[in-house]
Amino acid sequence: MIAQPNMALTHRQKHGAYRRKLMQDIKRDKWLYLLMLPGLVYFVLFKYLPMYGIVISFENYVPFTGVAGSEWVGLKWFKYFFSSPSWSRYLTNTLILSLMNIVFYFPAPIILALLLNEMRSLRYKKVLQTLLYVPHFISIVIVVSITFVIFGSSGIVYKLTEQLLGHPIKYLSDPGVFRWMIIGQTIWKETGWGTIIFLAALTNVDVQLYEAAMMDGANRFQRLWHITLPAIRSTIVLMLVLRMGSVLDTGYDHLILMANPLNRTVSQTLDVFVYDQGLGKSGGNYSYAAAVGLMKSVVSVIMVVGSNKIAHALGEQGLY
């Protein structure tokens, strides 16, 4: 009974010491915390506060009555989605596009960064990097418009294909070609921008390792395989873990712009479904759209945690 006050006092002392150390750290690094403030405010305003809207996934939400006044329906909209005959099509299209993104797009910035790193002329390297970054800043609307001009029925690629093969390939309407068009546009638009992180990781590679390997007779490919790739392996794993968090995100704007009645069987994904139910031609069903969006978010969290545990099991640091 006598030791309890002493234990409580010790706890208070530790808490006070922690607070004093925290205040000292803030005072010492005040400018760094000040730089962090805009990003923190952004996440609070646009990421955390809107999470209150998750409640409408379990309601029959009516805008005029608000969140508090809408009828609580529990898991109705989740059951309604999985009882729909078309839910498997939306999920399948989403998973196929996501898998193609991981297989074909994710390695593209890594390969391009390795190629740029091998360039000896710094001048040409900077010019090439600038040209590769430009497509990232082009609106997806412009990208789709360019695609229509080049691959449309009067486009140069369409006519050239018709002359070479004897028959045209309907790039914009054939369901079998649609997904490859989406992946191709993504690779062209984002690969250059994605090299930034990997090029930054490559700057940490010790040049002396290359020199020692050259002295031992290692060729360029051997230096790449045994020095460069292991040096950026942790960055690759980290980016892959983050990518798994968006495995169900395909982007509705890109797909809506490229969709037409002939390729609708493969262009309908979960993102397109959420947009269609919330704001599209079937719009107004906010609770239904929010329920599907919440389901996507839950799956994303599970994928991030699971892939991070796998990374730890393989000896990598992972995300956290």
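Condition first: more than 20 Å from G194 (Cβ to Cβ) and among the hydrophobic types (A, V, I, L, M, F, W, C). Now tell me which residues in the stretch 112-143 satisfy that. If the condition is that a residue be more than 20 Å from G194 (Cβ to Cβ) and among the hydrophobic types (A, V, I, L, M, F, W, C), then L122, V141 are the ones that fit. In the stretch 308-319 there is at least one residue that is at positive phi, part of a loop (DSSP other than H, G, I, E, B) and either among the hydrophobic types (A, V, I, L, M, F, W, C) or touching a residue at least 24 places away in the same chain (Cβ under 8 Å) (or both).
So for the stretch 234-252 (the condition being under 21 Å from the mean Cα position of the chain (by Cα) and charged (D, E, K, R)), does at least one residue qualify? Within the stretch 234-252, one or more residues are under 21 Å from the mean Cα position of the chain (by Cα) and charged (D, E, K, R).
Each residue in the stretch 54-98 was checked for being in contact (Cβ under 8 Å) with a residue 40 or more places away in the chain, within 15 Å of L294 (Cβ to Cβ) and assigned to a loop (DSSP other than H, G, I, E, B), and 2 pass.
Just a yes or no: is a residue in the stretch 264-273 in contact with a Leu (Cβ under 6 Å, 6 or more places away or on another chain), among the hydroxyl-bearing types (S, T, Y) and part of a helix (DSSP H, G or I)? Checking the stretch 264-273: at least one residue is in contact with a Leu (Cβ under 6 Å, 6 or more places away or on another chain), among the hydroxyl-bearing types (S, T, Y) and part of a helix (DSSP H, G or I). Test L242 against the stated conditions and say whether it is at pLDDT 85 or above and either surrounded by fewer than 13 Cβ atoms within 10 Å (Cβ to Cβ) or farther than 30 Å from S86 by Cα (or both). For L242, the condition - at pLDDT 85 or above and either surrounded by fewer than 13 Cβ atoms within 10 Å (Cβ to Cβ) or farther than 30 Å from S86 by Cα (or both) - is not met.
Among the residues of the stretch 210-223 satisfying the criterion of being surrounded by 15 or more Cβ atoms within 10 Å (Cβ to Cβ) and in a helix (DSSP H, G or I), which is nearest to the chain's Cα centre (by Cα)? Once the filter is applied, the top-ranked residue is R223.
At least 3 residues being assigned by TED's automatic domain parsing to the domain that holds L199 and under 30 Å from R223 (Cα atoms) is the threshold, and among the helices (runs of 4 or more DSSP H) wholly inside the stretch 99-188 those reaching it are 107-117, 122-133.
Could you list, in sequence order, all residues of the stretch 262-305 that are in contact (Cβ under 8 Å) with a residue 60 or more places away in the chain and surrounded by fewer than 16 Cβ atoms within 10 Å (Cβ to Cβ)? Residues satisfying the conditions are L262, T265.
In this structure, F43 does not qualify as surrounded by 10 or more Cβ atoms within 10 Å (Cβ to Cβ), at negative phi and in the same structural domain as L279 (by TED's automatic domain parsing). Cβ-Cβ contacts under 8 Å between residues 6 or more apart (or on different chains), taken from a first residue in the stretch 197-226 that is over 23 Å from M239 (Cβ atoms) to a second residue that is among the aliphatic types (A, V, I, L, M), are listed as Y210/I227; A213/I227; Q222/A213. Within the stretch 14-30, the set of residues being assigned to a helix (DSSP H, G or I) and not basic (K, R) comprises H15, G16, A17, Y18, L22, M23, Q24, D25, I26. Considering the conditions (1) assigned to a loop (DSSP other than H, G, I, E, B); (2) under 29 Å from Q185 (Cβ atoms), A289 is excluded by exactly one of them, (1).
The values are calculated or read from the model by the stated rules, or taken from the named source; none is laboratory data. Please read all numbers here as calculations on a predicted model, not as lab measurements. Cβ: placed from backbone, ideal geometry, glycine included. Neighbour counts: every protein chain shown.
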